[in-house]
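Asks: Take a look at this one; I'll ask things after.
Rule-based calculations on the coordinates, nothing more; no lab input. Source: prediction; values computed, not measured. Please note: Cβ atoms are built from the backbone with ideal geometry, for glycine as well, and neighbour counts cover all protein chains shown.
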Amino acid sequence: MIRALIIFFLFFSIMIGCAIEKPQDPGVVEADRPVSVQSIAMKKAYFVLNALKEKEMEEISRSVHPQKGVLFSPYGTVDKKRAQVLMPAQVKELFQVKNQKQLEWGTEPGKGEPIRLTPNAYFDQYVYDAEFSETELVTYDGTYQKTNSIQNIKETFPNSHYVEFYVPGSEEFEGRNWKSLKLVFSEHHHDFYLVGIVHDQWMP
């Protein structure tokens, strides 16, 4: 009988000890977990995308790579020789009246004709020309829609990461009026900065 009581009290003491043990704080665990490059790029991409939607160029200029600037490409095949590359100060003042002269931003695929537009016109036609902020089709370091054009982002921006926002086309046009916007980021001084704004769409 005495032996049974001793075993009971030992078991009871162990149970109480387990019950009062302080639970692990999940916040501490999360704090110790390193932030992934993907999560950083995604956060940066959404910030830039919302700024593009509102044409908040000063906000965007703070995200532009301070040494490389940001390259604008009207199509998924990036032509570094013909694309415009703007530094942070130029991005900040992009929509000022004094800067509304036509620039060459690239060439039309197949035709080879130069794309000459003012910054405002280029932005409306080859940057935020669809509701990219509302799409749920968002891809990291990949392309949602297979196209007949050469996708050379990785070759153009080595050691970079990009986020694609894809807006599907309508049934009326058999899906051919889809649009895509890829925001490319490169690391600099332990942070990631915008180095490319690559627009893409269906080409005949």
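Asks: Chymotrypsin sites (Phe, Trp or Tyr not before Pro), restricted to segment 131-204: which are DSSP loop and have at most 16 other Cβ atoms within 10 Å? Spell out each step's value before the answer.
Replies: Details: sites: Phe132, Tyr140, Tyr144, Tyr162, Phe165, Tyr166, Phe173, Trp178, Phe185, Phe192, Tyr193, Trp202; in loops: Tyr144, Trp178, Trp202.
Listed in order of number, the matching sites are Tyr144.
Asks: Based only on other Cβ atoms within 10 Å, what is the fewest-to-most ordering of Ser73, Ser149, Ser160? Intermediate results must be reported in sequence, preceding the final value.
Replies: Details: Ser73 25, Ser149 14, Ser160 20.
Ranked by crowding around the Cβ, least crowded first: Ser149, Ser160, Ser73.
Asks: Sort Val85, Val35 by Cβ crowding within 10 Å, fewest neighbours at the top.
Replies: Working: Val85 14, Val35 8.
Going from least to most buried by this count: Val35, Val85.
Asks: Which aspartates and glutamates have a Cα less than 18 Å from the Cα of Lys53, not counting those fewer than 8 places away in the same chain?
Replies: By straight Cα distance, Lys53 reaches Glu93, Asp124, Asp129, Glu131, Glu134, Glu136, Glu164, Asp200.
Asks: Work out, step by step, the length gained on full extension between Thr139 and Arg82: first 0.36 nm times the residue separation, then minus their alpha carbon distance; give nm to one decimal. Each step should come with its number before you reach the end.
Replies: Working: separation 57, 0.36 × 57 = 20.52 nm, distance 2.66 nm.
Result: 17.9 nm gained on full extension.
Asks: While we're here: Which of Ile60, Ile150, Ile115, Ile40 has the fewest other C-beta atoms within 10 Å, and how do the rest follow up to the most?
Replies: Working: Ile60 23, Ile150 10, Ile115 20, Ile40 15.
In increasing order of surrounding Cβ atoms, one gets Ile150, Ile40, Ile115, Ile60.
Asks: Moving to a separate point now. Suppose the chain between Tyr46 and Glu131 were pulled fully straight at 0.36 nm per residue; how much longer would it get relative to their current alpha carbon spacing?
Replies: Details: separation 85, 0.36 × 85 = 30.60 nm, distance 1.29 nm.
My answer for the length gained is 29.3 nm.
Asks: Could you tell me which GluC sites (Glu not before Pro) in segment 100-138 are loop residues by DSSP with no more than 16 other beta carbons within 10 angstrom of their beta carbon? If you can, show how the numbers build up before the last one.
Replies: Numbers: sites: Glu104, Glu131, Glu134, Glu136; in loops: Glu131, Glu136.
Sparse-neighbourhood loop GluC sites (Glu not before Pro): Glu131, Glu136.
Asks: Take the Cα radius of gyration of segment 36-201 and divide it by 2.2 N^0.38 Å, with N its residue count; two decimals is plenty. It would help to have the intermediate numbers written out before the result.
Replies: On the way: Rg = 15.0 Å, N = 166, 2.2 N^0.38 = 15.3 Å.
Normalised Rg, Cα atoms only: 0.98.
Asks: Same structure, new question: If you take the beta carbon distance between Glu174 and Gln96 as r and set R0 to 41 Å, what does 1/(1 + (r/R0)^6) give as a FRET efficiency, to the nearest 0.05? Numbers along the way, then the final one.
Replies: Numbers: r = 41 Å, r/R0 = 0.99.
Step by step, r from the Cβ atoms, then E = 0.50.
Asks: Test of the criteria: in segment 100-204, which trypsin sites (Lys or Arg not before Pro) are in a DSSP loop and have at most 14 other Cβ atoms within 10 angstrom of their Cβ?
Replies: On the way: sites: Lys101, Lys111, Arg116, Lys146, Lys154, Arg176, Lys179, Lys182; in loops: Lys101, Lys111, Lys146, Arg176.
Answer in residue order: Lys101, Lys111, Lys146, Arg176.
Asks: Residue by residue through segment 97-105, which ³J(HN,Hα) values in whole Hz follow from phi under the Karplus form 6.51 cos²θ - 1.76 cosθ + 1.60 (θ = phi - 60°), with glycine and proline marked x?
Replies: 4, 5, 9, 8, 10, 6, 10, 8, 10
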